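First comes the structure, then the notes that go with it.
What follows is calculated from the coordinates using simple rules that are stated; it is not laboratory data. Treat the numbers as computed from the prediction; the structure is a model and nothing was measured. Don't worry about glycine lacking a Cβ; one is built from the backbone with ideal geometry, like all the others, and counts go over all protein chains shown.
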Amino acid sequence: MKKQFFFLALGAAALSACTSEETIDLSSQSNAIGFENAVLKQSRADAQKGDLTVDNLDKFIVYGFYTKENQTANPIQVFGGDAVTKQGSEWTYSGTRFWVPDATYSFFAYSCADVALDNNFGTVGLDLNATGAERQLYIANFRCDAFHNHDLIYAQQKEIKAKPKTEDDDTPNANVSFTFEHILTKIDAIFTSEFASDYDVVIKDVKIINFRNVGTFTKTKGWGNTPVRNFDKEANISMRLEFPSADGVGVANSAQKTTEKPKTGYYYVLPFTYTEPNVQLNFTLELYKGTEHTSENLILSRNMEGHWAPNWQQGYYYTYNITLTGTVANLQPIVFEVAQSMNDWTTSTSTATDITFSAN
């Protein structure tokens, strides 16, 4: 069976122990650590429905640590999964922390549908046993499938030097400013019918099956260390169709009957480059003669299954344009032809006596 797919790209780590107690000077030079209005980095992911945007982001989760001069091997964690929430135009958190003069700070933040991840859908932490750029936030065993499907955004601000303590300068340290980016991939599908206008096509039960649904993210590696392959057909995503018309049943031959094309709802998936065509797009195709979708008018009902090896990149939004034809539905077309030669005329002769004449 031939399938036609047309592709369009739119748009508990152990922590370093520190037994020494920190004494924080609460003078004007040791200002409270504050967070700037969070913004979302422009990316190829669209802002609609479940996407987190500048307008609907109300909370993010922050982690952070600092090191002192000549003590870079001994990081001190100051934020460990603390919620920062929007109050009016300000971002606030519980338990105020203060800048340590001359210390160097790194902050990391994420949001997954405005909630913190738990052990059911992923674990988050700081790898402070690492060194250099590898000392960073990790999101481990993040689950992204039909059971847990939310936008996930990430931001970081590293190597911020707190102002030194002097008698001549009492200006506060600047707020920490985050620019978030989408770190998953978003997909959907559009259906187009090329059947004749007196046929109606109905599409049902659109599903994406056999995809990687658990992965681990760090900024330096992205999702490159995704360890889990889940090709279990039970872990599939059902992509509900959205209809531009009031019919609510199917494509209804969208190419001729509506200016918009029926489109599935979108879902988030883990970015990954597949090397084998293991990912499946399944749906049921029903073909009717006329606009009455009755059993008498049903010509066929087929379970369609397409396979491909997607290259899902982080922060990208992919729409799959699926053209429905008789070939795709495995139908045998009615074809007419003219023979290469025709029979010659048969020659015959006749005389006037073969015709009877009469005179008035």
Here the convex hull volume per residue of segment 83-130, taken over Cα atoms and given in Å³, is 134
Per the rule of 0.36 nm per residue minus the C-alpha distance, extending SER177 to THR323 adds in nm 48.0 nm
Between THR220 and GLU194, the FRET efficiency computed from the C-beta separation at R0 = 45 Å comes out, to the nearest 0.05, as 0.45
Pseudo-spin-label distance THR166 to GLN87, built 7 Å along Cα→Cβ, given in nm, is 3.3
Taking 0.36 nm per residue of separation between ASP118 and ASN303 and subtracting their Cα-Cα distance, the length gained on full extension comes to 62.8 nm
In this structure, among LYS41/LYS163; LYS86/LYS163; LYS86/LYS158; LYS68/LYS161, pairs with alpha-carbon gaps over 18 Å are LYS41/LYS163; LYS86/LYS163; LYS86/LYS158
